[in-house]
Amino acid sequence: MDGKAKTTKIAIRVFLTMALFLTTVDLPAQETRKVISNPAPSYPETARRFRVTGVVKVQVVIAPDGQIKITKIIGGHPLLVNAVEETLKSWKYAPAGAETTATLEFRFNP
């Protein structure tokens, strides 16, 4: 393999490595947005009666005005998820220049 082909091959590898690195960078959003209002979800009575415990993990997209725009449930017991989704409608973050994302966890214990 001549010098030019070797240099090209190395350049391609470096480019692909950088591209992979940049696509896996997870920008922290929650730390950059101050929470103004974050009421805790109420423990659903049905879940309490059946002693359901667990964690609900949700990813949210926060609009520039501070309102939660999109929620995506990542995991959690179905009896607990609805309480979290309803509570997040009341959450408010400080305004920012652009949309941000955050991953939140809610723990439920009777």
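Candidates are the residues of the stretch 84-110 that are assigned to a loop (DSSP other than H, G, I, E, B) and in contact (Cβ under 8 Å) with a residue 60 or more places away in the chain; the one that is farthest from Ile36 (Cα to Cα) is Pro110. Scanning the stretch 63-83 for residues that are farther than 12 Å from Asn38 by Cβ and of a type in the set (A, V, I, L, M, F, W, C) yields Ala63, Ile70, Ile73, Ile74, Leu79, Leu80, Val81, Ala83.
Throughout, read-outs are computed from the coordinates displayed, never taken from laboratory work. None of the values given here were measured: they were computed from a predicted structure. Cβ coordinates were reconstructed from backbone atoms using ideal geometry, including for glycine residues, and neighbour counts include every protein chain displayed.
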